[in-house]
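Inspection log for the structure reproduced underneath, given as C-alpha cells.
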Amino acid sequence: MTDDATTSALLAPDPLTAARALDGADQLATYRERFVGVPDGTGVTAYFDGNSLGRPTLASVERVQRFLLDGWGGRLIRGWDEAWMELPFTIGDALGDAALGAAAGQTFIGDSTTVVLYKLARAAVDAGPDRTQIVLDTDNFPTDRYLLDGIARERGLDLVWIEADTEAGVTPEQVAAVVGPQTALVVLSHVAYRSGFLADVPAITRIAHDAGALVLWDLCHSAGSVPVELDAWGVDLAAGCTYKYLNGGPGSPAFGYVATRLQHRLAQPIQGWMGTSDVFAMGPEYRPADGIRRFISGTPPVVGMLAMQDTIAMLAEAGIEAVRAKSVALTEFAVALADEWLAPLGATLASPRDPDRRGGHVTVNHPAMREVTAALWEQDVIPDYRNPNGLRIGLSPLSTSFEEVWRGMSAVRDVLGELTHD
C-alpha cells in the first residue's frame, strides 16, 4: 500500500515500541485523561469511531449534573432570561473562534444536521430564483443527497451530479466543469464521509462564486479535527454536527454558519418564534430578527448543547493546528500499520495517501470487512463499516493514543487473518 522504507521508518524498531515513543512525544497526550473511560474503565480495547460519536468528557458529566440540579432545578424558568436564550449564539461564537475560523455573529447551534442543512440550502436557492440547478456529488452523505432531492422537487430545480470517486473525492476541476449561469447552489462535504478525502474549499468556493452561485459546505467530518477558515475562504454557508469530534453526545444539535454579508438576503424557510425580532411580542405576523438569530426556528435544545462546550474549550486551549498535527500523525501511523499487516491479507487503502488530502479518518477495503467489523465489536474494538467493503478507522485526536491505534489495528489484523484463512 506504500513503499517499504516509509512504513519501516514509522514502525521502527517495532510497531509497539514506535507507538509508545509517539505517545511519549505527544504534546496533547494529557488531554486523554479528560475523557470518561480513558485510558481504562469502559472495557473498550480500541475506539475507532470517534468520527461518528465522540467520547464524553469528565467535565461534561459534571456540567450536565450541575445543570440538572442547579440550572434547571434551581433557576427553573428564570434560566431562559439569565442565559439559555443566548446559548445558541454564545456557544456558536465560541465554536466559530476555536474551530471554524468564523468571526462572531455568524454561527448558531440548534436543530439536527438535516434540518440545518435544509434551512440553509432552501434559503440559498430561494435567493436566486432565476437559477435552476443545484450541484452535488454522488458520494456525499445520504442525508445531503436526499434533502437536496426534496428541495429540487419542491422548487422545480434540476440536480447536477458530479460522479465522485469513492476512494477520493470532488476536485475543483470537476466543479468547474459543471457550474454555470444556471447554478444556484453547490453542496459538498469538506471531508468525505467514506474515504476521508479533504476537499479544496477555497478553490471550489472561488469557482462557484465566479459562476454566480452560492456554496454550502458540510463540515460534519472536519469540525474539531481539521482546521477550517470559513471567513478567510469566503464561504457562504456551512453546517455540521457536534457529536463527532466535538463530543456533544448522541443527537446533540448541529451548528450552522451564515456569512454576515448574506444574512440580510436569506429568508430561512422554517419560520419559528425564536427567529423573530422580538421573541416575546408574539405578534400577528413573522418579522425576522436581524443577524444570525433569524436562522433559529424553535426553542433551543439547552440540555443537548451543554457537553460540546467542554470540547470547544479544549480546542481553544490546545489550538486547532496542534489538533490537526496529531490527527495527521495518528492516521499516518494507522496507514503504516495497514501497509505492514493488512495489505499482505489483500486489504487496500481506500483513503488518500497524502495527509494533506486526508481528514481525520482512514478507510481500508477488503471483501470481508463487514464480517471483520462485527467480530471486532464482540472484542470491544470498535471501528465502523461503510460500503463498499470499507472498515473505517476514525481517530479523534484529543482522546486517542498511538498505543490504542496499535491495539486496534492488531485486532483487525488477527480477525482479518482468521477470516481469510478459513
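The values are calculated or read from the model by the stated rules, or taken from the named source; none is laboratory data. Since the structure is predicted, the reported quantities are computational estimates derived from the model, not experimental observations. Heads up, the Cβs are rebuilt from the backbone with ideal geometry, glycines too, and the neighbour counts pull from every protein chain shown. Calculation scope for accessible area: heavy atoms of the full protein, side chains included, ligands and nucleic acids excluded. Shrake-Rupley method; radii C 1.70, N 1.55, O 1.52, S 1.80 Å.
Note on the range 269-318: the C-alpha convex hull projects to 4.7 nm² when averaged across all orientations. Solvent-accessible surface (1.4 Å probe) assigned to S8 amounts to roughly 70 Å². When you work out D = kT/(6 pi eta Rh) for the chain at 37 °C and 0.692 mPa s, using the Kirkwood radius from C-alpha pairs as Rh and the Stokes-Einstein form, the result is 147 µm²/s.
Scattering from the range 181-237 was approximated by placing one identical point on each alpha carbon and applying the Debye formula without solvent; log10 I(q)/I(0) at 0.13, 0.16, 0.25, 0.30 1/Å stands at -0.31, -0.46, -1.01, -1.29. Net charge in the neighbourhood of R293 (other residues with Cβ under 12 Å of its Cβ; Lys, Arg +1, Asp, Glu -1) is -1. A simple charge model with +1 on the Cβ of Lys and Arg, -1 on the Cβ of Asp and Glu and nothing else charged puts the dipole of the chain at about 1100 debye relative to its Cα centre. Compared with the dominant Cα axis of the chain, that is its longest principal axis, helix 201-210 is turned about 40°. A convex hull fitted around the alpha carbon atoms of the range 1-111 yields 189 Å³ per residue.
Excluding ligands, DNA and RNA, the accessible surface per residue across the range 138-264 is 33 Å² with a 1.4 Å probe. Excluding ligands, DNA and RNA, the accessible surface per residue across the range 15-63 is 48 Å² with a 1.4 Å probe. In vacuum, with every alpha carbon of the range 240-370 counted as one equal point scatterer, what does the Debye formula give for log10 I(q)/I(0) at q = 0.12, 0.20 Å⁻¹? Two decimals, please. Here the Debye-derived log intensity ratios amount to -0.72, -1.14.
Per-residue surface analysis assigns T45 an accessible area of about 50 Å², computed on protein heavy atoms at 1.4 Å probe radius.
Per the Debye formula on identical point scatterers at the alpha carbon atoms of the range 305-422, with no solvent, log10 I(q)/I(0) at q = 0.11, 0.13 Å⁻¹ is -0.38, -0.52.
With the gyration tensor restricted to C-alpha atoms of the range 135-196, the semi-axes of the equivalent ellipsoid amount to 20, 15, 8 Å, longest first.
Quotient of the Cα radius of gyration of the range 356-422 and 2.2 N^0.38 Å, N being its number of residues: 1.10.
Counting only Cα atoms, the size of the range 55-113 along its three principal axes is 35, 30, 20 Å, in decreasing order. Per atom type, the chain shows carbon and sulfur on 54% of its accessible surface, probed at 1.4 Å. Calculation over all alpha carbon pairs of the range 198-301 in 10 angstrom steps from 0 returns a P(r) of 14, 37, 33, 14, 2 percent. Where does helix 402-421 land angle-wise versus the long Cα axis of the chain, in degrees 0 to 90, nearest 10? For 402-421 against the chain, the angle is about 70 degrees. Taking the range 62-186, how much of its Cα-Cα pair set, in percent, is spaced more than 21 angstrom apart? Beyond 21 Å sits 58 percent of the P(r) for the range 62-186. For C220, the accessible area of its heavy atoms, probed at 1.4 Å with every protein chain present, is near 10 square angstrom.
Computed 3J(HN,Hα) for the range 189-197, one whole-Hz value per residue from the Karplus formula 6.51 cos²θ - 1.76 cosθ + 1.60 where θ = phi - 60°, is 9, 5, 10, 5, 5, 8, 8, x, 4, glycine and proline marked x.
What does the net charge come to around Y47 if you take all other residues with beta carbon closer than 12 Å to its beta carbon, with K and R at +1 and D and E at -1? Once positives and negatives cancel, what remains is -1.
Once the 1.4 Å probe is applied to the protein heavy atoms, the range 277-343 comes out at 39 Å² accessible per residue. Taking every Cα-Cα distance in the range 143-259 and sorting them into 5 Å bins from zero, the calculated P(r) comes out as 2, 11, 20, 24, 22, 14, 5, 1, 0 percent. Per-residue 3J(HN,Hα) values for the range 136-147, derived from phi via the Karplus relation 6.51 cos²θ - 1.76 cosθ + 1.60 with θ = phi - 60°, read 8, 10, 6, 10, 5, 4, x, 4, 4, 5, 5, 5 Hz in sequence order (x marks Gly and Pro).
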